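Right, I'll just put the structure down here and ask away after.
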Amino acid sequence: MSALMIKGLLFAAALIGATIYVVESMNIDLSDPINMITIIGAVAIAVITVSVAVKYINQMKTDTASGELADENWDGIGEYKNELPGGWAYSFLGTMIWAMWYMISGYPVNAFSQIGQYNEEVKAYNAKFEAVHKNADAATLQQMGESIFLVQCAPCHGATGDGLSGKAHDFTSRMSKAQILDVIKNGSNQLGYPMGAMPPMMAQGADAEAIATYIAGGMKGEQPASFAACASCHGADGKGMAGMSPNLAAYDATLIDHTLQNGKKGSLGKMPSFKTMITPVQEKALTVYIQSLAN
Amino acid sequence: MFHWLEKNPFFFAVGVFIVIAFAGLIEILPNFAEASRPVVGLKPYTVLELAGKEVYKKDNCLSCHSQLIRPFKAETDRYGQYSLSGEYAYDRPFLWGSKRTGPDLHRVGNYRTTDWHENHMWEPTDVVPGSIMPAYKHQFTNVADIETAYAEAVTVKNVFATPYGDEFQATKAAWEAHKPKVLADAQKIAADMKNKDIKEAVAAGNIPEVVALIAYLNRLK
């Protein structure tokens, strides 16, 4: 038995002894299988480390070079022409096969795509959103509508929906007199209602004034006779004949839908279409919120 | 087998370079070539829009506003469709920006209009209470430099083959022939504005900077 082997055995014994000392001094419960496995592992590590170290240190001491030296020589340092070890060779072959797969199908077909991840995320979110809010109650819709309004509508219509002193449409009432007179004068064909275009100059002078005053006043009291010109399309009650033409009295869902989808250019300015920005559920929420502003 | 290579450090280095570069080339080049093409339907900036782009750069909108919508749901909900590289094909230079003190502007033309910009550039807090954006009243009096914008269009046409058409030539006659189109564009914008001075200036042939800037912002879709 060589001196090295004896030193190694002594070192391993010392490690094992230290382990046992620690176990004893800390009162570790060896009936617990986890503790037992841990101690066996510690002993195994000591034995394996020492025996592997002894094996290779011995080999370094006794081994002599085998194999054929390559012709070239760098400042006295030579190189053997050894065969590549089997494990290395197979790993290399494996990487070549993997590279083929990666080039032909891995990268082009299965590559990670940021847009793909985005699409999946949006799809999953929308499905969840639709499921949760399919039958949302009025309070939820009101709250949702308010937050949509603050992001998408408030920059023009103001946080309270009052149109920022005439810079945009005022949601606290249906229409102002000036707006109504402008539509009567110029007609309108922007909202895409089934009834189609409203021709300009349906009423003039005092008639137009009377109509504007009546509608701006909330359509209360005596209906002016000249309102007959409006009633043929907007209905006698001004409610738009069930979605055939714009409702003059209130913000119904049809009116909000047509305005959001088509945008509008009126006497105050231009409103862009929000077709791509607002989903059907959001539109429903916005309708509830805008209706609450008018009251 | 490759011992000859070890004796030739130069060829060895070339070999290593080719092996490493190859992987990069097959992954980067095809994507790059595809993404840098203009998206279908993209038109080069009109001269008025280019003049507005110069105002955008001059007044340094870039330092507070980005022009790049990332593919995250929170961003596309607020700003619209995420940006594609092909949309910037005629941006020289692109104005992506790197800081959002204000909102992203890459699709501002979809949800803001001429009259809104007019109110906002005059006094931002009139339309956005609490906004920290400064007012840009000087844009209502400064005159946009459409001659330089035209020269820029001709330059990018000649240097980068931007499809501007044959009428864009580096001659005075060509500019005189094109100028009415620029004024007509400006008049369309001014018609939607309420400021009387702006309307008068445009009618007299002087385009205020704000008109050019609005033309540029409306174009961002």
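Quick note: the coordinates plus some simple rules give every number you see, no bench work behind them. The model shown is predicted, which means the values in this text are computed figures rather than measured ones. Ideal geometry is used to build each Cβ from the backbone, glycine not excepted, and the neighbour counts take in all protein chains shown.
Show me, for the range A:67-81, the HN-Hα J-couplings you get by feeding each phi into the Karplus relation (A = 6.51, B = -1.76, C = 1.60, θ = phi - 60°), rounded to Hz, glycine and proline as x.
x, 9, 7, 5, 5, 7, 7, 9, 6, x, 9, x, 9, 7, 8
For helix B:47-58, report the angle its Cα long axis makes with the longest principal axis of the Cα atoms of chain B; keep it between 0 and 90° and round to the nearest 10°.
80 degrees
In a Debye calculation with equal point scatterers on the alpha-carbon sites of chain A and no solvent, what is log10 I(q)/I(0) at q = 0.10, 0.12, 0.13, 0.15 Å⁻¹?
Cα-only, vacuum Debye calculation for chain A: -0.77, -0.95, -1.02, -1.16.
Let me ask something additional. Toward the positive end of the charge dipole of the range A:79-191, about the Cα centre and with charges on Cβ (Lys, Arg +1; Asp, Glu -1), which of A:C156, A:M96, A:G166 goes farthest?
Result: A:G166, furthest along the dipole toward the positive end.
Quick one: compute the contact order of chain B, relative version, from alpha carbon pairs under 8 angstrom and 6+ residues apart, as a percent.
After rounding, I find 27 percent.
What would the Debye equation give as log₁₀ I(q)/I(0) for the range A:3-62 at q = 0.13 Å⁻¹, counting only Cα atoms as equal point scatterers?
-0.42
Using θ = phi - 60° and the Karplus curve 6.51 cos²θ - 1.76 cosθ + 1.60, what whole-Hz ³J(HN,Hα) does each residue of the range B:91-106 get, with Gly and Pro shown as x?
7, 10, x, 5, 10, 4, x, 9, 9, 10, 6, x, x, 5, 10, 5
In µm²/s, what is D for the protein assembly as shown at 20 °C and 1.002 mPa s, where D = kT/(6 pi eta Rh) by Stokes-Einstein and Rh is the Kirkwood radius from Cα pairs?
70 µm²/s
Any idea what angle helix A:253-262 forms with the longest principal axis of chain A, computed on alpha-carbon atoms, 0 to 90 degrees, nearest 10?
70 degrees
Kirkwood hydrodynamic radius, computed over distinct alpha-carbon pairs, for chain B: how many Å, to one decimal?
Over chain B, the inverse of the mean reciprocal pair distance is 20.0 Å.
Sticking with this structure for a sec: For the protein assembly as shown, what is the calculated [θ] at 222 nm in deg cm²/dmol (nearest 500), taking -39500 (n - 2.57) for each run of four or more DSSP H residues and dividing by its residue count?
About -17000 deg cm²/dmol.
Oh, and also: How large is ³J(HN,Hα), in whole Hz, for each residue of the range B:179-184 in order, when computed from phi with the Karplus curve 6.51 cos²θ - 1.76 cosθ + 1.60 and θ = phi - 60°, using x for Gly and Pro?
Listing the rounded values in order: 3, x, 5, 5, 5, 5 Hz.
Now, a different point. Can you pull the Rg over Rh of the range B:93-207, Cα-only, Kirkwood?
That ratio is 1.02, to two decimals.
Along the Cα→Cβ direction, 7 angstrom out, place labels at B:E6 and B:R70. What is the inter-label distance in nm?
Each label point lies 7 Å from its Cα, and together they span 4.8 nm.
For a footprinting-style exposure proxy, rank B:E147, B:E49 by other Cβ within 10 Å, fewest first.
Least crowded to most crowded, the residues run B:E147, B:E49.
Another question, if that's okay. Going 7 Å from the Cα of A:L69 toward and past its Cβ, which residues in the range A:83-124 have a backbone nitrogen under 19 Å from where you end up?
Once the point is set 7 Å along Cα→Cβ of A:L69, A:83 turn out to lie under 19 Å by backbone N, inside the range A:83-124.
State to the nearest 20 debye the size of the charge dipole of chain B about its Cα centre, where the only charges are +1 on K and R beta carbons and -1 on D and E beta carbons.
260 debye
Search the structure for amide H atoms under 5 Å from the amide H of A:K265, placed 1.01 Å from N in the peptide plane, and list their residues when 5 or more places away or on another chain.
A:M271
Name the aspartates and glutamates eligible as straight-distance cross-link partners of B:K58: C-alpha to C-alpha under 20 Å, and not fewer than 8 places from it in the same chain.
Result set, ordered by chain and number: B:E49, B:D91, B:D104, B:E118, B:E123, B:D145, B:E147, B:E152, B:E209.
Next up: How many angstrom lie between the C-alpha centres of the range B:86-163 and the range A:235-267?
34 Å
Along each of the three principal axes of the Cα atoms of the range B:75-145, give the extent in whole Å, ordering the values from largest to smallest.
Rounded to whole Å, the extents work out to 34, 33, 22 Å.
Right, here's the next one. Modelled label-to-label distance, B:A151 and A:I115, 7 Å Cα→beta-carbon offset: nm?
Output for this residue pair reads 3.9 nm.
Hey, another quick one. Find, among the trypsin sites (Lys or Arg not before Pro) in the range A:102-175, those assigned to loop by DSSP (not H, G, I, E, B) with at most 15 other beta-carbon atoms within 10 angstrom.
When the trypsin sites (Lys or Arg not before Pro) of the range A:102-175 are filtered for loop state and at most 15 Cβ neighbours within 10 Å, A:K134 remain.
For Cα pairs less than 8 Å apart in space and 6+ apart in sequence, what is the mean separation divided by the residue count of chain A, i.e. the relative contact order in percent?
Rounded, it is 15 percent for chain A.
Taking each pair of different alpha-carbon atoms in the range A:137-294 once, compute 1/r for the pair, average those values, and report the inverse of that mean as the Kirkwood hydrodynamic radius in Å to one decimal.
Radius from the Kirkwood sum: 16.1 Å.
Sticking with this one: To the nearest 10 degrees, how steeply does helix B:209-219 sit against the main Cα axis of chain B, on a 0 to 90 scale?
50 degrees
Now a separate question. I'd like the distance between the alpha-carbon centres of the range B:8-65 and the range A:183-230, rounded to an integer number of Å.
56 Å
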